[in-house]
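Undergrad: Before I ask anything, let me first share the structure, which is written out below as structure tokens.
Every read-out reported here was derived from the displayed coordinates using simple, explicitly stated rules and does not represent laboratory data. What you see is a predicted model; the values in this text were computed from it and never measured. Positions of Cβ are backbone-derived with ideal geometry, glycine not excepted, and every protein chain shown enters the neighbour counts.
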Amino acid sequence: MRKITSQYPDKVPVIVERRTGVQVQNVPNVAKNRFLSPRDITVEELMQIIRTRMQQKYQGELFLYVDQKMLQAKQLIGDIYWKFKDKEDGFLYLSYSNKRPFDVYLDLVNRTNLVLIGLIFLLFFYLNFFFDFI
């Protein structure tokens, strides 16, 4: 890694992967997930590079994350690199998704509400059956 950073002092080694553990719908993988990104580009510019490297054309929303935190479009990659680079290998690990953290929370809440409604319905059905039986 030191050889790369000394050979390209104005670049940042980045690894980008599709986010896991979240419902990511219709977002293709990146063909090459290792980048030497210029330090002075913004997250928004890096997202455009990622779109060009996707295996299929994708025009939907994309959000970049580092350590489960969503990155702002105007943040510089160089600043993010110094805060969040991996201490062992020196790479900046980013993930992308088409969902914002709040959207993921809403999906979870909606699923939880459906389960609760189902449980209330079953409880009502059993209580109604029990009291009719007595």
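Undergrad: Can you give the local net charge around Gln75? Use residues other than it whose beta-carbon is closer than 14 angstrom to its beta-carbon, Lys and Arg +1, Asp and Glu -1.
TA: Numbers: positive: Arg39, Lys69, Lys74, Lys83; negative: Asp40, Glu44, Glu45, Asp67, Asp79.
Computed value for this residue: -1.
Undergrad: For Ile4 and Ala31, FRET efficiency with R0 = 30 Å and r from the beta-carbon atoms, rounded to 0.05? Let's see the in-between values first.
TA: On the way: r = 20 Å, r/R0 = 0.68.
Plugging the Cβ-Cβ distance into 1/(1 + (r/R0)^6) gives 0.90.
Undergrad: At what distance in nm do the modelled label points of Phe131 and Glu88 sit from each other, each positioned 7 Å from its Cα along Cα→Cβ?
TA: In this crude label model, Phe131 to Glu88 measures out at 6.0 nm.
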